[in-house]
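Heads up, the thing below is written out as structure tokens.
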Amino acid sequence: VAPQCTGSSGSNAEYGKQWYQRRVRGALQASAMTVIFLALTVGLALASEFTSYTPATPTVVLERSHSAEIYVNPDDVPDGTDRLMIQAMEISDLTGNEWEAGYTFAYNSELPTFYYPELNEASYHKFRVKYGNGDGWTGYSSATSYSHAISTRYIVERIARNWAMAKDFCLQLGHRLAVISSSHENELVEELMQEHGIETAWIGLYDTHYGDDNPNTTWTWVDSTPYKFSNFEKGASDSASTLDTSVVAVNEVGEWETHSPDEKMSFICEKGRAEVSSETEAKESMRERDFSH
């Protein structure tokens, strides 16, 4: 209700006009505050929706020797995304399978394929992705299945050598006798054996108690990778420690056999990471023994 003013009609009209203008300004200010509040509320809701989003798992199109081609589905990318981060995890890494720092890429829906650099060609990898904009980052996607540039990992050497000589030959190449840490890796070696028509080949597993009084085996990989996976054939002598059964070969059906290190056969080197050895670990190296000839 407009206030009543006593006085001339002209002054009453001017007073009413000022009063009306003040009311309009007040209403406009209140409306502006309401709009700002609603905008902030909507903005915060959208930001919260973005940062709480979980992306779909990316696709590994191809892993090369030192890089991987990663595809993200544009239909999965939330509106407003202007960047993304891809991380890689090196599987069976002695550091404990940790995610790398990763790489950030600018995002364009017309170019949904990204190239992850500087991978270790000797390892398997998993990848995950998250999306970003000015409000922050989404959560990470679940990890991809592990992948590897398979053709670059293993080298089959056909020339028959005893175990110690095979081990040294791989070292001279900067590699190691094959270390098999999973059923998947074992299947890859099996396929390679069949492809090359090889019946048995040395791998880098040996018994550290072959020459002492301990009657039980302690199977050890040449690079000290934890011994967690095995695939010994039925009836293999894998528990009693003897020199004649102190080293391991894999056969064409992927089963592991125990042998004497004096035997000579083909062997498999694994590229990328050489074994970790020490001059004080002469027994572990099995290099300065009578059977090194």
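Some notes on this structure:
- Considering Thr242, Thr200, Thr220, Thr225, the condition of being modelled with pLDDT of 85 or more, more than 22 Å from Arg153 (Cβ to Cβ) and either open to solvent by less than 50 Å² (accessible area, probe 1.4 Å) or of a type outside the set (Asp, Glu) (or both) is satisfied by Thr242 alone.
- For the residues Ala143, Ala164, the requirement of being assigned to a helix (DSSP H, G or I) and either touching a residue at least 12 places away in the same chain (Cβ under 8 Å) or not hydrophobic (A, V, I, L, M, F, W, C) (or both) singles out Ala164.
- The stretch 203-213, residues that are assigned to a loop (DSSP other than H, G, I, E, B), of a type outside the set (Gly, Ala, Ser) and either open to solvent by less than 60 Å² (accessible area, probe 1.4 Å) or in contact with a Lys or Arg (Cβ under 6 Å, 6 or more places away or on another chain) (or both): Thr208, His209, Tyr210, Asp212
- Scan of the stretch 41-55 for residues that are open to solvent by less than 80 Å² (accessible area, probe 1.4 Å), among the hydroxyl-bearing types (Ser, Thr, Tyr) and modelled with pLDDT of 85 or more, ordered by number: Thr51, Tyr53
- Only one of the numbered conditions (1) open to solvent by 20 Å² or more (accessible area, probe 1.4 Å); (2) touching a residue at least 12 places away in the same chain (Cβ under 8 Å); (3) not in a strand (DSSP E or B) is violated by Pro261, and that is (1).
- Residue count, the stretch 161-186 (criterion: among the basic types (Lys, Arg) and closer than 19 Å to Tyr124 by Cβ): 1
- Looking across the stretch 264-285 at every residue that is under 33 Å from the mean Cα position of the chain (by Cα), at pLDDT below 85 and not charged (D, E, K, R), the one that is most open to solvent (accessible area, probe 1.4 Å) is identified as Val276.
- Check on Lys126, of a type in the set (Lys, Arg) and open to solvent by less than 10 Å² (accessible area, probe 1.4 Å): no
The values are calculated or read from the model by the stated rules, or taken from the named source; none is laboratory data. This one's a predicted model, so the numbers in the text were calculated from it and none came from an experiment. Virtual Cβ from ideal backbone geometry, glycine too; neighbours counted across all protein chains shown. Only protein heavy atoms, including side chains, enter the accessible area calculation; ligands, DNA and RNA are left aside. Shrake-Rupley method; radii C 1.70, N 1.55, O 1.52, S 1.80 Å.
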